[in-house]
Amino acid sequence: MSDVMRYDGAPARRVAALGDTAEMADQRRRVIELLAPREGWRVLDVGCGPGHLAMELADAVGPRGRVCGVDVSDEMLALAARRDLELVRVADTALPFEDGSFDAAVATQVYEFVADLPGALAELLRVLRPGGRALILDTDWDSVVWHSSDRERMEQVLDGWRARVADPCLPRSLSRRLREAGFELLDRSTYAILDVEGREHSYSARQIEHLGASALDVAPEQVRAWAEDLRALARSGDYFFSVNRYLFLVGKPRY
Ligand SMILES: C[S@@+](CC[C@H](N)C(=O)[O-])C[C@H]1O[C@@H](n2cnc3c(N)ncnc32)[C@H](O)[C@@H]1O
């Protein structure tokens with residue numbers, strides 16, 4: 001069986017908690033600003049997770065618009081259902097929509113977990129109308145800078161997390177892969193998350209839970225010591241975390 005992260009049960013709840021942080025709210029503002037959805041648009045959220053972004057997109061397109069979230073995880077869809085959204089469960093990369101059904105789409109922190117990226121991108125292109133656009137955001141997990149008293153242990157935990165991601169460095173090859181799939185590249189940018197305090201409800205403090213619980217081949221006592229060290233650094237004013245997201249705005253050619 002594949003080691004790639006599956007977002008059921010506890011991981012789904014942890015991602016929902018990450019979505020509630022100020023950093024993720026700011027990231028979503030950036031995604032919506034770049035996508036620039038218009039009132040009345042039909043928008044698809046691929047891998048919608050707990051539905052934060054889909055809800056905000058629904059506000060942006062207004063009552064004449066339509067936002068549909070799809071996900072492979074029943075637990076994620078159950079969390080998203082609390083938000084009164086149109087939701088569809090998918091089995092893999094196939095999207096159950098007619099050609100050209102959407103004016104725009106988003107996929108944030110999703111494709112790095114998808115093994116069949118060419119299949120997923122082909123489906124994304126198909127369901128967009130000619131001239132439609134998509135905003136794709138993924139993390140390069142080699143970009144994490146996380147201060148620790150034990151660098152070797154930090155690398156073990158990060159390696160254990162990277163082993164749960166289908167392509168932990170996806171942004172590096174994504175331009176080429178988007179072009180190969182038939183998209184036009186409209187804009188590329190970065191979004192950095194920086195946390196120099198490690199407060200309890202911050203994105204990185206919540207990532208201590210999520211990465212720690214998900215890291216492959218790291219003993220629980222090692223994970224506990226790693227987490228305690230980070231919290232001690234936060235208490236002593238010596239906390240530092242940063243990670244880079246990469247945003248790709250692409251268009252479907254009009255032919
Ligand atoms: C890290 S979460 C991100 C959730 C949300 N997009 C966000 O930015 O908070 C990854 C999500 O992608 C979903 N996912 C993974 N593979 C998928 C696929 N092939 N099609 C649709 N969703 C998928 C997972 O179930 C999970 O909900």
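Overview of results
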item: Angle in degrees between helix 117-127 and the longest Cα principal axis of the chain, rounded to the nearest 10; result: 40
item: Unit charges on C-beta of K, R, D, E only; dipole of the stretch 1-156, Debye; result: 540
item: Relative packing of 170-178, 90-98, which averages over residues the other C-beta atoms within 10 Å, highest first; result: 170-178, 90-98
item: Translational D in µm²/s for the stretch 132-255 (Stokes-Einstein at 4 °C, 1.567 mPa s, Kirkwood Rh from C-alpha pairs); result: 81
item: Angle between the chain longest axis and helix 52-61 axis [Cα atoms, degrees, rounded to 10]; result: 30
item: Longest to shortest principal axis, alpha-carbon extents of the chain, angstrom; result: 55, 35, 33
item: Portion, in percent, of the accessible area of the stretch 101-255 that falls on carbon or sulfur, probe 1.4 Å; result: 48
item: Listed residues H210, G237, G47: farthest to the positive end of the dipole of the chain (Cβ charges); result: G47
item: Value of [θ]222 nm, deg cm²/dmol, for the chain, DSSP H segments ≥ 4, -39500 (n - 2.57) each, nearest 500; result: -13000 deg cm²/dmol
item: Contour excess over end-to-end distance, with Cα ends at R153 and V90 and 0.36 nm allotted per residue; result: 18.9 nm
item: Size of charge dipole - the stretch 83-228 - debye, nearest 20, with Cβ of Lys, Arg +1 and Asp, Glu -1, no other charges; result: 280
item: Dipole of the stretch 138-201, positive direction: furthest Cα of G198, M154, V165, with charges on the beta-carbon; result: V165
item: Beta bridge orientation in the chain: antiparallel %, DSSP, nearest 5; result: 55
item: For the chain: accessible area per residue (Å², 1.4 Å); result: 46
item: Helix 203-214 axis, angle to the chain major axis (alpha carbon atoms, nearest 10°); result: 80
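The values are calculated or read from the model by the stated rules, or taken from the named source; none is laboratory data. Quantities reported herein were computed from a predicted structural model and do not represent experimental measurements. All Cβ positions, glycine included, derive from the backbone under ideal geometry; neighbour counts span all protein chains shown. What goes into the accessible areas is simple: the full protein's heavy atoms, side chains included, and nothing from ligands, DNA or RNA. Shrake-Rupley method; radii C 1.70, N 1.55, O 1.52, S 1.80 Å.
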